[in-house]
Amino acid sequence: MLVNATRGFLWSDLETRALLNIWGEHDVQTALDGNFRNSHVYRDVANRLCELGFDRTPDQCRIRVKSLKRQYFQAKEGSRKNGQYHKMCKFYDEMERILSNRSLFERQDIDSVAVGGDETMDEDAESTELLQEAHMDGMGECSFMEHPVKTEYPPCPIPVTVGGMSSFPTKPSSLSKTNPPASSSSRPRRSKKRFANMSLEKLMEKFLEQSMEAEDNFYRLEQQRLQAEDKRREEEHSRELQMLQMLGQIFNGISTPSPAPPPSCIPQTIPTVPLTRPPCGNRNHPPALNEFASHSQAAGPGLLMEEGETQFIERSFSLGTARMDSVIPLVRKTIPPLTSKKHKGQDGRIGIIGGCQEYTGAPFFAAISALKVGADLSHVFCTKDAAPVIKSYSPELIVHPVLDGPNAVEEMEKWLPRLHSLVVGPGLGREEMLLKNAKEIIKRAKLRGIPIIIDADGLWLVAKEPSVIQGYQRGILTPNFMEFTRLYEAMHHEPLDSTDHKRSAQQLSIAMGHLTLVLKGEEDIITDGKNMLTCSQEGSGRRCGGQGDLLSGSLGVFAHWAFSSPPDATKGMNPSLVAAFGATSLTRQCNRQAFHKHSRSTTTSDMIQEISSAFKKLFES
Ligand SMILES: NC(=O)C1=CN([C@@H]2O[C@H](COP(=O)(O)OP(=O)(O)OC[C@H]3O[C@@H](n4cnc5c(N)ncnc54)[C@H](OP(=O)(O)O)[C@@H]3O)[C@@H](O)[C@H]2O)[C@@H](O)CC1
Ligand SMILES: Nc1ncnc2c1ncn2[C@@H]1O[C@H](COP(=O)(O)OP(=O)(O)OP(=O)(O)O)[C@@H](O)[C@H]1O
């Protein structure tokens, strides 16, 4: 049987890691756990991959996962005999991390995959053909391999050794008789004959060798393709440069010379983060072209070609005045116009999860800021005793005293279909039960694709359990430096190198599965691991508590607007980045204006009073 050319075709490392990030999420694993019909889960996985720019069908994802499981278990089994064997499984560590958390039930399921037993456990009834292809597909990375050696599955663990020394003899023919693989009867017998006189361990080694060889070939070809692409771009840009020079000469000839622009308007590129491989493309672009490339390629297919997490195309840039001017228009484009045709709620219904006995101010600041920025309705889900206090601050807020109730998650979930974004953390506190409820509601909001901003104590939860939001492309983290350090060290298991915030922010975003990160500080660093913006809108020296809540509440609104805008509004830039830039600029502008009036006495309430005019100044003037 011929394998469909697109099925099981080479998966790049980047693509595989993206798949593993999504598939490894706790709720995806839970959804798969013990579920016989799981096509909807893989459909969701494929959609999320698609959001990352990887075009894969649900079936392809399922087959890839299956082959990764098989590789992992074969390597694990081999490692028991020889400690080095796991090196032959490229994603061993990732699989180990994910699968070590699986329940016993699922473990039995995957163990059976590992030893070649029944693979139909999580298949749909209709996918017999898929099953065959899964076997044909084998390790997933080399569907063009000549021999479909994967069709030979022994019914017991394979005694694999690297040096060819097996701990017990194999009897392929008798083994295959006692327990043939589920679909072997419908497959051609050619491969059996061909390999009948080879021991299984040899077969396995041969197969892995071929697999690695195929992978090497792929990288070689990819390298050549990148070089050709680079060359083409360079030629194109030198042509453009020539044309610009010619145009400049023509204009010089017909107009009087104008003074040079002030230095603050000259776009600057920040020193790039060192890479393990030199960045391809973009290297020789003049600054203006570079900026265009940053926008237009933000989520483009070019990313597909990248290998390894430290080898992404570096598109970091600093926003001097000119750069800021280039992002603010994108923010503006996402802001919905005010018209008499709309009804209440259409411009945003924002939910804040937070507010406990100690902290009532933080959720209030976040919720009221969301309203002042332009949301129509703002809900606060807090503990029972915080609710009357928060209500008393403002009649505009809808306050639900449910966060510590017996049915907290169900009570909050009822509102999810009506919410456009969720801000988790302001004033949440760190009590175990509250964090658990927050975690559950994050999981359910993710299933609905709701943008989720995580701040303050929500970040405490993420540091403890990164998988709660890892890889969710509509998640945005807004740590201050302390929270950032906690997250970084939780993810990297090493102290933060505080000399290079940009690099560390990029690393953390990547480790979190390209989540958008807003590292607040003297300048706000905003990155999704591929692109970086810095917001240094002038604020003031006043650092009163609660400014971060203003930021997270307003980001809830900007995120909803950005994600519901057509893609051309953000010119291809990740909507999270645009939204984050809008919210940080606004917060800093409020700080500046409030400080102008109240100087040392400035409080967050004074800043909230400035939202209206700051918004107008930045986005509507
Ligand atoms: N009115 C209200 O109700 C408000 C309530 N809030 C709520 O309070 C809860 C806890 O939030 P949190 O930020 O105080 O807790 P956490 O992260 O443990 O920080 C603790 C320590 O970290 C340090 N630190 C902080 N920033 C830093 C920086 N940039 N760079 C370096 N260090 C920095 C600093 O240490 P220190 O300098 O004091 O030694 C600080 O004391 C949370 O729910 C939040 O929403 C607030 O929103 C405010 C308004
Ligand atoms: N040194 C600074 N200079 C200018 N602006 C700053 C500075 N530090 C923080 N900000 C701004 O203040 C806002 C809130 O950041 P901050 O670090 O105070 O957050 P936070 O500690 O989480 O706040 P909260 O008190 O609400 O918990 C951000 O928009 C950030 O841009």
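A few points about this structure:
- Apolar share of the accessible surface for the stretch 326-620: 52 percent from carbon plus sulfur atoms, 1.4 Å probe.
- Under a 5 Å amide H cut-off, with hydrogens placed 1.01 Å from N, VAL423 pairs with GLY351, ILE352, ILE353, ILE453 among residues at least 5 apart or on other chains.
- Ellipsoid equivalent to the stretch 464-579 - semi-axes via the Cα gyration tensor, in Å: 22, 19, 13
- Inter-part distance where the stretch 425-460 and the stretch 491-511 are each reduced to a Cα centre, Å: 23 Å
- Shape category assigned to the stretch 326-620 from the gyration tensor of Cα positions, a/c cut at 1.5: rounded
- The 3J(HN,Hα) values that the Karplus relation (6.51, -1.76, 1.60; θ = phi - 60°) gives for the stretch 538-543 are, in residue order, 5, x, 7, x, 8, 10 Hz. Gly and Pro appear as x.
- Rolling a 1.4 Å probe over the protein heavy atoms gives the stretch 13-99 an accessible area of 37 Å² per residue.
- Structure note, pairs LYS90/LYS206; LYS69/LYS446; LYS391/LYS436; LYS384/LYS414; LYS342/LYS372: Cα-Cα distances above 21 angstrom occur for LYS69/LYS446; LYS391/LYS436.
- Split the accessible area of the stretch 22-66 by element, probe 1.4 Å, and carbon with sulfur accounts for 52%.
- Sorting HIS492, HIS596 on solvent-accessible area from highest to lowest, probe radius 1.4 Å, gives HIS596, HIS492.
- Accessible area per residue for the stretch 391-509, computed on protein heavy atoms with a 1.4 Å probe, is 41 Å².
- In this structure, the amide hydrogen of ARG474, modeled 1.01 Å from its nitrogen in the peptide plane, lies closer than 5 angstrom to no residue at least 5 positions away or on a different chain.
The values are calculated or read from the model by the stated rules, or taken from the named source; none is laboratory data. Just so it is clear, the model here is predicted, and its values are computed rather than measured. Ligands, DNA and RNA are excluded from the accessible area calculation, which covers all protein heavy atoms including side chains. Shrake-Rupley method; radii C 1.70, N 1.55, O 1.52, S 1.80 Å.
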